[in-house]
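Have a look at the structure below, then the notes.
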Amino acid sequence: MSLFSAFSSIDVSIQARTPTDAAAKRLDGIGHVLSGLDISGIQTQADVNRTLWTLDAASKCVRAVLAEFRTQPATEQLVRKSRNLIDLIERARDQVVSFQAHDPVLG
């Protein structure tokens, strides 16, 4: 099961009404894309590199959403959602690096 599976069922077609809604929708979209990441399917160094690149790009996107949102009043929900997503990205990254270190073909 993917760390990001909770995002796979989010309806990303819902319209945002406020800047906070727009930021939350972007964060949900990042999580939705990551829900398709299959860490257990990594077989080659290219898979490792692609997965790490994807996770790093997602982390930068989350931080960009937060930076753009700085001019708006922060909501606890948005801060919590972004922290949760960043934590999941870091856990997934740690799994990939650990997986790579334990596999003689990849390491």
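The values are calculated or read from the model by the stated rules, or taken from the named source; none is laboratory data. Quantities reported herein were computed from a predicted structural model and do not represent experimental measurements. So basically every Cβ, Gly included, is an ideal-geometry build from the backbone, and we count neighbours across all protein chains shown. When the accessible area is computed, the model is the full protein with side chains, heavy atoms only, and any ligands, DNA or RNA have been set aside. Shrake-Rupley method; radii C 1.70, N 1.55, O 1.52, S 1.80 Å.
Condition first: out of contact with any Lys or Arg (no Cβ under 8 Å at 6 or more places or on another chain), β-branched (Val, Ile, Thr) and within 22 Å of Pro19 (Cα to Cα). Now tell me which residues in the range 32-76 satisfy that.
Scanning the range 32-76 gives Val33, Val62, Thr71, Thr75.
For the range 59-84, give me each residue that is among the hydroxyl-bearing types (Ser, Thr, Tyr) and part of a helix (DSSP H, G or I).
So in the range 59-84, the residues among the hydroxyl-bearing types (Ser, Thr, Tyr) come out as 59, 71, 75, 82.
Hits for the range 59-84 are Ser59, Ser82.
Any idea which of Asp56, Asp94 is modelled with pLDDT of 95 or more and either part of a helix (DSSP H, G or I) or open to solvent by 70 Å² or more (accessible area, probe 1.4 Å) (or both)?
Residue meeting the stated conditions: Asp56.
Determine which member of the set Arg50, Arg80 is basic (Lys, Arg), at pLDDT 90 or above and open to solvent by 30 Å² or more (accessible area, probe 1.4 Å). So that I can check it myself, show each step before the final result.
On the way: Arg80 fails: at pLDDT 90 or above.
None of the others qualify; the one that does is Arg50.
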